[in-house]
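Below: the structure, in structure tokens.
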Amino acid sequence: MNKGVLFIISAPSGTGKSTIVGEVLKADPNIRFSVSATTRDPRPGETDGESYYFMSREKFDSLVNSGGMLEHAEFCGNCYGTPKGPVFKNLEEGHDVILEIETVGASQVMEACPEAVGIFILPPSLKTLYHRLKKRSTDSEEVIKDRVSKAAGEVRKAYKYDYVVINDDLDTAISEVRQIISASRKLTKLNSDTIEGVLKEC
Ligand code: ADP
Ligand code: 5GP
């Protein structure tokens, strides 16, 4: 059996990656979402263990120090990281895994897992990004400005990813991400078990 495919999805905060990933997950039961750890406070509606594992800085540092994180990074004053165990367990069991993470952590995953498929989602413009964050109403004006000010630096890193998708019309963006996921499952480098299986019978 081939292993699952590891997808890294990044975008400036407010672009719409959670919205897109949510729709992709709803439509495809083989894909597992990697629940990250964070020291950020929960937003209204976020559930511990589903949206994130919310934890203290001490607990986060101890997970990092014990080698429990696949990657980790600081973003706008909070720490975020991907618990390693569930990612590899799901991949070994043949499930695809989506990491929804920022660009510093994404570079660490690309280094550790070169077979991972990177998708960068672009906002139509920085002005649109600001308005989406305002409309989402989950962050203060100061936090919104901080997040938007990071966006240009993040967009410059889009070149490191395998694919870019613009999230202007939401349905189009969802459909494009789904097509990329579907095509990536056929990548030669991820299908050696299938090829070898056929060769065995030759
Ligand atoms: P991110 O996860 O990248 O921070 P979200 O998924 O939370 O972004 O989306 C930010 C806001 O933008 C949300 O209020 C969401 O409903 C809205 N949004 C997402 N995609 C679009 C789109 N294509 N057009 C208009 N609004 C969008
Ligand atoms: P938010 O606070 O809006 O939920 O997330 C802020 C940023 O952190 C987003 O770009 C989000 O994708 C990113 N993020 C979420 N989880 C992780 C993670 O596990 N690792 C890294 N490096 N970034 C993460």
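Do you know which of the residues in the stretch 1-35 that are of a type in the set (S, T, Y) and touching a helix residue (DSSP H, G or I) at 6+ places or on another chain (Cβ under 9 Å) is farthest from ligand 2 (Cβ to nearest atom)?
Here is the first cut: in the stretch 1-35, the residues of a type in the set (S, T, Y) are 10, 13, 15, 18-19, 34.
Restricting the remaining residues to those that are touching a helix residue (DSSP H, G or I) at 6+ places or on another chain (Cβ under 9 Å) gives 10, 13, 15, 19, 34.
On the way: S10: 7, S13: 5, T15: 9, T19: 12, S34: 7 Å.
Of everything passing the filter in the stretch 1-35, T19 is farthest from ligand 2 (Cβ to nearest atom).
Residue count for the stretch 153-202 under the criterion of being of a type in the set (S, T, N, Q), open to solvent by less than 90 Å² (accessible area, probe 1.4 Å) and modelled with pLDDT of 95 or more: the result is 5. The set of residues in the stretch 28-77 that are out of contact with any Lys or Arg (no Cβ under 7 Å at 6 or more places or on another chain) and among the hydroxyl-bearing types (S, T, Y) comprises S34, S36, T38, T47, S51, Y52, Y53, S56, S62, S66.
I need a count of the residues in the stretch 69-85 that are hydroxyl-bearing (S, T, Y) and under 18 Å from G14 (Cβ atoms). Full working, then the answer.
Taking the stretch 69-85 and keeping what is hydroxyl-bearing (S, T, Y), we get 80, 82.
With under 18 Å from G14 (Cβ atoms) added as a condition, the list becomes 80.
Summing the residues that are hydroxyl-bearing (S, T, Y) and under 18 Å from G14 (Cβ atoms) in the stretch 69-85 gives 1.
Exactly one residue out of V117, V155, V148, V143 is away from ligand 1 (no atom under 15 Å from the Cβ) and not aromatic (F, W, Y): that is V117.
For the stretch 112-126, indicate whether the set of residues that are within 16 Å of ligand 2 (Cβ to nearest atom) and out of contact with any helix residue (DSSP H, G or I) (no Cβ under 7 Å at 6 or more places or on another chain) is non-empty. I'd like the intermediate steps shown before the answer.
Our first condition is that a residue be within 16 Å of ligand 2 (Cβ to nearest atom); within the stretch 112-126, this holds for 112-113, 116, 118-123, 126.
Narrowing the set further to residues that are out of contact with any helix residue (DSSP H, G or I) (no Cβ under 7 Å at 6 or more places or on another chain) leaves 112-113.
Within the stretch 112-126, one or more residues are within 16 Å of ligand 2 (Cβ to nearest atom) and out of contact with any helix residue (DSSP H, G or I) (no Cβ under 7 Å at 6 or more places or on another chain).
Selection of the stretch 80-89 for residues being in contact with a Lys or Arg (Cβ under 9 Å, 6 or more places away or on another chain) and either among the aliphatic types (A, V, I, L, M) or crowded, with 20+ Cβ neighbours inside 10 Å (or both) yields Y80, V87. So, of the residues in the stretch 45-58 that are surrounded by 13 or more Cβ atoms within 10 Å (Cβ to Cβ) and either without any contact (Cβ under 8 Å) to a residue 12 or more places away in the chain or within 13 Å of ligand 1 (Cβ to nearest atom) (or both), which turns out to be farthest from H131 (Cα to Cα)? Per the stated criteria, the residue is Y52. Cβ-Cβ distances below 7 Å connect no pair with a first residue in the stretch 184-201 that is farther than 20 Å from E93 by Cβ, a second residue that is open to solvent by 60 Å² or more (accessible area, probe 1.4 Å) and part of a helix (DSSP H, G or I), and a separation of six or more residues or different chains.
How many residues does the stretch 25-44 hold that are in a helix (DSSP H, G or I) and in contact (Cβ under 8 Å) with a residue 40 or more places away in the chain? If you could, list the steps in order and put the result at the bottom.
Keep residues of the stretch 25-44 that are in a helix (DSSP H, G or I), which gives 25-27.
Those still in the list that are in contact (Cβ under 8 Å) with a residue 40 or more places away in the chain too: 25, 27.
Adding up the residues that qualify gives 2.
Return yes or no: is V97 in contact with a strand residue (DSSP E or B) (Cβ under 9 Å, 6 or more places away or on another chain), open to solvent by less than 50 Å² (accessible area, probe 1.4 Å), away from ligand 1 (no atom under 16 Å from the Cβ) and part of a strand (DSSP E or B)? So V97 fits the description; yes.
The values are calculated or read from the model by the stated rules, or taken from the named source; none is laboratory data. What you see is a predicted model, and the numbers here were worked out from it, not measured in a lab. All Cβ positions, even for glycine, are placed from backbone atoms using ideal geometry, and neighbour counts span all protein chains on display. These area figures cover heavy atoms from the full protein model, side chains too; ligands, DNA and RNA do not enter into them. Shrake-Rupley method; radii C 1.70, N 1.55, O 1.52, S 1.80 Å.
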